[in-house]
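Engineer: Before anything else, here's the structure in question.
Bear in mind that the values in this text are calculations on the coordinates, not laboratory data. This structure is a prediction, so every number in the text was calculated from the model and none was measured. Cβ coordinates were reconstructed from backbone atoms using ideal geometry, including for glycine residues, and neighbour counts include every protein chain displayed.
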Amino acid sequence: MPSASANYRTLLRTPGAAAFFLPAAVGRLGVAMTGIGIVWLVHARTGSYAAAGLVTGGFAVADAVAGPQMARLVDRFGQTRVLPCALGAHAGAVALLLTGAVPDLVAGVLIGATLPQLGALSAVRWSALLSGERAAALPTAFALEALANGVSYLAGPALVSVLGAAGRPGAGVLLAATLVVGGGLALAGQRRTMPPLASRAERRHAGRALLRSAFLRQAALGLALGVFFGAMQVSVAAYAVGRGTPDAAAPLYFASNCTNLVGGWAYGAWRHGGSPRRHQATAAACLTLASLPLTILDAPLVIGATLALTGLAVPVLLILASALTQSSVPRAVLTQAFTWGNSASVAGSAGAAALAGRVVDAGGAHSGFGVAAGAAVVMTVLALGGPRDSSPDVSKPSAPGETMARTALPPT
């Protein structure tokens with residue numbers, strides 16, 4: 001897809017873009033490695049997967065709860081002032097885990113509570129950089145973010161697993177922290193593209209936007225997407241083990257992850273005519289149609305092909321959720337809005353993993369796939385709900401100031 005490559009290259013040639021995107025992508029690789037790195041380290045130390053799961057769960061919950069609070073500070077004081085403090089605290093928390101100076105659960109919670117959401121910070125910079133006449137390029141920028149995220153979660157866990165299997169589980173956690181801190185500090189140093197801070201009056205009125213239906217709909221969709229992820233992870237593993245071929249889980253995950261990258265790449269390169277709300281509803285409906293056969297099919301090749309189809313729709317939903325979030329809240333709370341969406345997804349994934357585990361124990365892997373399909377149905381309903389004209393046509397560039405006016409009065 002040469003045109004796709006040209007679109008992404010053109011985007012990264014925007015003055016200042018590559019300077020903040022690349023450090024954020026490096027840091028995001030570290031973020032993707034952190035959770036699985038904790039699993040390897042705690043299991044090596046205790047010999048218990050239950051203990052490793054407990055610590056990782058504490059890390060995930062702390063990340064989901066503390067992330068929006070850190071984002072609130074970023075919206076108020078700016079990335080340059082908040083990031084170095086957060087990264088210093090994160091490095092200290094990782095040191096506590098590596099040295100065993102405090103109980104592993106306490107260290108895991110501290111690591112999650114101090115982990116900055118670098119993806120949200122990068123997305124906010126794109127929103128500021130591509131305002132006004134360049135706003136039509138935002139979906140492509142969010143697609144680039146989704147690609148970076150997908151690559152991170154493909155390569156990061158694999159790299160940590162290699163280090164863990166080689167008998168160096170602590171190296172995975174240390175490498176993850178090095179990437180997070182290094183990428184985050186490099187991002188904080190890019191003052192040229194740091195979003196302008198809002199005034200106190202703007203912040204006072206902007207917080208209400210996070211309670212309006214336009215944003216809450218996207219947060220709820222993120223929660224449902226997290227449920228889909230969590231249920232799929234458990235169900236795919238249960239399907240492979242149930243057939244007596246546990247090694248088949250890896251290629252099944254790989255099929256879905258690869259098409260995930262393809263779907264995000266293609267959508268980012270496409271000229272996005274029409275309303276993003278309609279695109280979102282279409283993507284959610286396609287995900288539902290692709291997920292439902294998993295509840296009855298059994299042949300491995302067919303399951304793999306169906307999982308690949310679901311992977312095409314997921315990045316489109318992520319890209320559009322970012323675009324619709326950006327257009328529904330004022331800039332004074334944009335970091336919080338992006339972070340709340342991520343926290344909702346993390347919470348949904350964690351809850352769904354527990355729910356799907358119970359469902360699979362009771363009814364098998366196909367019942368777990370049913371949980372994922374149900375989440376896709378909910379996403380479709382959410383995407384179809386609300387006023388039809390609440391989203392602008394992203395194929396048309398905004399006039400100067402139009403994006404700011406649009407975000408100052410979020411639709412209800």
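Engineer: What is the Cα coordinate range of the stretch 74-125 on the first, second and third principal axes, sorted by size from largest, in whole angstrom?
Structural biologist: Reported extents, whole Å, longest axis first: 37, 17, 14.
Engineer: Could you give each residue of the stretch 141-150 its phi-based ³J(HN,Hα) in whole Hz, using Karplus coefficients 6.51, -1.76, 1.60 with θ = phi - 60°, and x for Gly or Pro?
Structural biologist: Taking θ as phi minus 60°, the curve returns 5, 5, 5, 5, 4, 5, 5, 4, 5, x Hz for the stretch 141-150.
Engineer: Mind checking the dipole of the chain: about its Cα centre, +1 per Lys or Arg Cβ, -1 per Asp or Glu Cβ, Debye to the nearest 20? Each step should come with its number before you reach the end.
Structural biologist: Values: 27 positive and 12 negative charges, 246 e Å.
Once rounded to the nearest 20, the dipole reads 1180 debye.
Engineer: Where is the GNM fluctuation largest for the chain (alpha-carbon springs, 10 angstrom cutoff): Leu252, Leu297, Leu197?
Structural biologist: Highest fluctuation among the options: Leu297.
Engineer: With the cut-off at 1.5 for a/c, could you classify the stretch 150-279 from its C-alpha gyration tensor as rounded, prolate or oblate? Can you show the working numbers first?
Structural biologist: On the way: a/c = 2.12, a/b = 1.37, b/c = 1.54.
It comes out oblate by the Cα gyration axes.
Engineer: Starting at the first residue of the stretch 93-105, write each ³J(HN,Hα) from the Karplus equation 6.51 cos²θ - 1.76 cosθ + 1.60 with θ = phi - 60°, in whole Hz, x for Gly and Pro.
Structural biologist: 3J(HN,Hα) across the stretch 93-105, in whole Hz: 5, 5, 4, 4, 5, 5, 8, x, 5, 10, x, 4, 5.
Engineer: Ordered by residue, what ³J(HN,Hα) values in Hz, to whole numbers, does the stretch 310-318 give under the Karplus form 6.51 cos²θ - 1.76 cosθ + 1.60, where θ = phi - 60° and Gly and Pro are x?
Structural biologist: Computed from phi, the couplings for the stretch 310-318 are 5, x, 5, 7, 4, x, 5, 5, 5 Hz.
Engineer: I would also like to ask the following. Quick one: if you stick a label point 7 Å off each Cα along the C-beta vector at Leu289 and Thr14, how many nm between them?
Structural biologist: Each label point is offset 7 Å from its Cα along the Cβ direction, giving 3.2 nm.
Engineer: For Cα pairs less than 8 Å apart in space and 6+ apart in sequence, what is the mean separation divided by the residue count of the stretch 43-189, i.e. the relative contact order in percent? Let's see the in-between values first.
Structural biologist: Working: 120 pairs, mean separation 43.5, N = 147.
Relative contact order, the stretch 43-189: 30 percent.
Engineer: Let me ask something else. Work out how much length Leu22 to Ala51 would gain on full extension: take 0.36 nm times their residue separation and subtract the Cα-Cα distance, in nm to one decimal.
Structural biologist: Details: separation 29, 0.36 × 29 = 10.44 nm, distance 3.50 nm.
Length gained between Leu22 and Ala51: 6.9 nm.
Engineer: Given charges of +1 on the Cβ of Lys and Arg and -1 on the Cβ of Asp and Glu, with all other atoms neutral, how large is the dipole of the stretch 208-412 about its Cα centre, in debye to the nearest 20? Working shown, then result.
Structural biologist: Working: 12 positive and 6 negative charges, 133 e Å.
Value, rounded to 20: 640 debye.
Engineer: Where in the chain is the longest stretch that carries no trypsin sites (Lys or Arg not before Pro) classed as loop by DSSP and with at most 11 other Cβ atoms within 10 Å?
Structural biologist: Working: sites that count: Arg13, Arg191, Arg192, Arg271, Arg388.
Value returned for the longest uninterrupted segment is 14-190.
Engineer: Next question. Using Cα pairs closer than 8 Å and at least 6 residues apart in sequence, work out the relative contact order for the chain, in percent. The partial results should precede the final answer.
Structural biologist: Values: 716 pairs, mean separation 110.0, N = 412.
Answer for the chain is 27 percent.
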